[in-house]
Amino acid sequence: MSNATTTLAELTELIRQFTREREWEPFHHPKDLGVALAIEVGEILEHFRYRTNEQIHDYLQVTSSKRELSHELADGMWLLLRLADVCDVDLADAMKEKLLLAAEKYPADLVRGKPDKYTAYQKQSPPSCEPTP
Ligand SMILES: [Mg+2]
């Protein structure tokens, strides 16, 4: 399996099978999956805590470190895919929609090389010429 040859639908089905074989469906409510996802994100961040960007780069050159991080990323993806499945959300469709919305919020010509939130690029409305009562 690789990114290039595996679809989200295939991964979702593998996770469904894994869940079904263990009869874990009763535990997979959206809230619990969301909490578990947040915990996994914390586990990802543990690999970066107290490290500079340069130290993280070096850390990821160590095979065992990169493998541990890859497992945490997979845990997060696992829960995200399961949460989307339980909520009947098509993640690929949602991702495409979000990319279109983000392109509207962040026009490339306007934001290139700038990390600010979209609200920083919204035009300020000119002061009103109406007299105040
Ligand atoms: Mg984990």
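Each reported figure results from applying straightforward, stated rules to the coordinates on display, with no laboratory input. Not measured: the values here are computed from a predicted model. Glycine gets a Cβ as well: all are built from the backbone with ideal geometry, and neighbour counts include every protein chain shown.
Here are the numbers for the structure shown:
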| item | result |
| --- | --- |
| Count of the range 82-101 residues which are over 14 Å from the mean Cα position of the chain (by Cα) and among the hydrophobic types (A, V, I, L, M, F, W, C) | 5 |
| The range 88-112, residues that are exposed (fewer than 11 other Cβ atoms within 10 Å of the Cβ) and touching a helix residue (DSSP H, G or I) at 6+ places or on another chain (Cβ under 7 Å) | Leu110 |
| Residue check for Tyr50: among the hydroxyl-bearing types (Ser, Thr, Tyr) and either in contact with an Asp or Glu (Cβ under 7 Å, 6 or more places away or on another chain) or in contact (Cβ under 8 Å) with a residue 12 or more places away in the chain (or both) | no |
| Any hit, the range 119-132, residues being surrounded by 14 or more Cβ atoms within 10 Å (Cβ to Cβ) and assigned to a helix (DSSP H, G or I) | no |
| Pair list, Cβ under 9 Å, 6 or more apart: the range 54-68 residue under 15 Å from Ile44 (Cα atoms), other residue aromatic (Phe, Trp, Tyr) and in a helix (DSSP H, G or I) | Ser65/Tyr59; Lys66/Tyr59 |
| Only listed residue being in contact with a Gly (Cβ under 9 Å, 6 or more places away or on another chain) and of a type in the set (A, V, I, L, M), chosen from Leu101, Leu83 | Leu83 |
| Helices (runs of 4 or more DSSP H) completely within the range 9-116 that count 3 or more residues being within 16 Å of the ligand (Cβ to nearest atom) and polar (S, T, N, Q) | 63-86 |
